[in-house]
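These notes are about the structure you will find just below.
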Amino acid sequence: LDPSTAWFALSCAVLLVIPLALSNGITAGLLYLVSLAIGVLGNYTLRTGFLSWVPWAAAFALYPAFLSFGGWGNHDGGAAPQPAMTVLAALLGIGVHLLTSLWGLVADHEDGWTYLPLRLGMKVGAARLLALTATYLALVTAGMIITGTLVGLHAMHLRRSLVAAASALALASTLSSCGFDYATDRVYTPAAGPIDRDATVDVLSAVIVSKAPGSGTFIAGLSNNSGTEAITFEAIRPVGDTSISFEDFEDRRIPRLGFENLSAEGDGIVVTGDFEAGNFVGVQLAFDNGEIVDMQIPVVTDCDEFDGFDVSESEGEEYDCEPLEPVADGRYENYHPEGEHSDEEHAEGSEDGEH
């Protein structure tokens, strides 16, 4: 999302959650808002370290108090919750933290995180940690049900309190698992060419398509993520190799939230220089907002899915796009996997059986 769009959505959410929370009573509403604040602050301060579980436990521990002081589970308008329910809710928060972190352990380890789920995963393995987490959550949930059955959320209106608590904690699990840059939120686009998303303009599937050594055509997709301004692709130049040159380049203006497809007919950029298929060419793309993107672009043949994309005038011998014939030199002619026999051996066995 564009930053301005994200901030607008966040502002709307804040304006909605405050009156909705306070509609349950001042005490209950403040407790709920504090739990949200703990979650947000923990996401920015403790999320990557060993104490990542603390904000989850603290935020979840406040949900029974929100329900109890809000009048859910009692008839007199609010009172403190049972301490046992508060402790169990905190333990539930730790379990939810472990569960929602499992899917990003590999990426988080590569990013240098040291939080609790990663440490546990490295000791016992992700699969075993998932099983242990599921068992842990089942036990905590069973403990909450037993505690609710014996003493209730506020020792009154037992059934109503259990339904309310289950609903609120289910909602809390969904909301509290939200975060930023989890592995499941990261963009993954399988493509033949490299992708760069570090600048305002994404450079997608960039390749140099070549019919023959020494010439080719640069193609890519350019996606402008700015929701407020158009951006001009104003220059492309080689990095390191001075023999590479880009011919007949023209500025490309990309509208806000727009896309420029350089693989469209006539939009590719002709490249000449000392390169051939299989090489990588260092390229620098410049935009009028001051951003520069450095990439290593692979050189691919003008065959198969890239057939017809190279519009350059090649002088050398063109690449052969015919598939290679399978090698059959006879070295495995008499080889048979263990337990299998040739047709001749089967025939001999049949003849022996007839006699």
Of all residues in region 119-133 being in contact (Cβ under 8 Å) with a residue 24 or more places away in the chain and open to solvent by 30 Å² or more (accessible area, probe 1.4 Å), which is farthest from Thr86 (Cα to Cα)? Ala126
Residue that is modelled with pLDDT under 85 and of a type outside the set (Phe, Trp, Tyr), where the choices are His97, His109: His109
When you go through (1) in contact with a Leu (Cβ under 8 Å, 6 or more places away or on another chain); (2) part of a helix (DSSP H, G or I); (3) at pLDDT below 90 one by one for Asn74, which number turns out not to apply? (2)
Quick one: which residue in Gly25, Gly29 is at positive phi and surrounded by 12 or more Cβ atoms within 10 Å (Cβ to Cβ)? Gly25
Determine which single condition Gly179 fails, assuming it passes every other condition in (1) at pLDDT below 80; (2) open to solvent by less than 70 Å² (accessible area, probe 1.4 Å); (3) not in a loop (DSSP other than H, G, I, E, B). (3)
Consider region 108-118. How many of its residues are over 12 Å from Thr48 (Cβ atoms) and surrounded by 13 or more Cβ atoms within 10 Å (Cβ to Cβ)? 0
Could you tell me how many of the residues in region 253-291 are touching a residue at least 60 places away in the same chain (Cβ under 8 Å) and assigned to a strand (DSSP E or B)? 5
Single residue of Ala131, Ala84, Ala58, Ala126 found to be within 23 Å of Ile26 (Cα to Cα) and hydrophobic (A, V, I, L, M, F, W, C): Ala58
Checked Ala89, Ala61 against criteria (touching a helix residue (DSSP H, G or I) at 6+ places or on another chain (Cβ under 7 Å), in contact (Cβ under 8 Å) with a residue 60 or more places away in the chain and open to solvent by less than 30 Å² (accessible area, probe 1.4 Å)); the one match is Ala89
Please go through region 233-243 and give me each residue that is surrounded by 16 or more Cβ atoms within 10 Å (Cβ to Cβ) and either hydroxyl-bearing (Ser, Thr, Tyr) or modelled with pLDDT under 90 (or both), ordered by number. none
Output for region 43-61, where each listed residue is in a helix (DSSP H, G or I) and more than 19 Å from Val87 (Cβ to Cβ): Asn43, Tyr44, Thr45, Phe50, Ser52
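The values are calculated or read from the model by the stated rules, or taken from the named source; none is laboratory data. From a predicted model like this one, the values you see are computed outputs, not experimental measurements. As a convention, Cβ positions derive from the backbone with ideal geometry for all residues, glycine included, and neighbour counts pool all protein chains shown. Please note that ligands, DNA and RNA were not included when accessible areas were found on the heavy atoms of the full protein model with its side chains. Shrake-Rupley method; radii C 1.70, N 1.55, O 1.52, S 1.80 Å.
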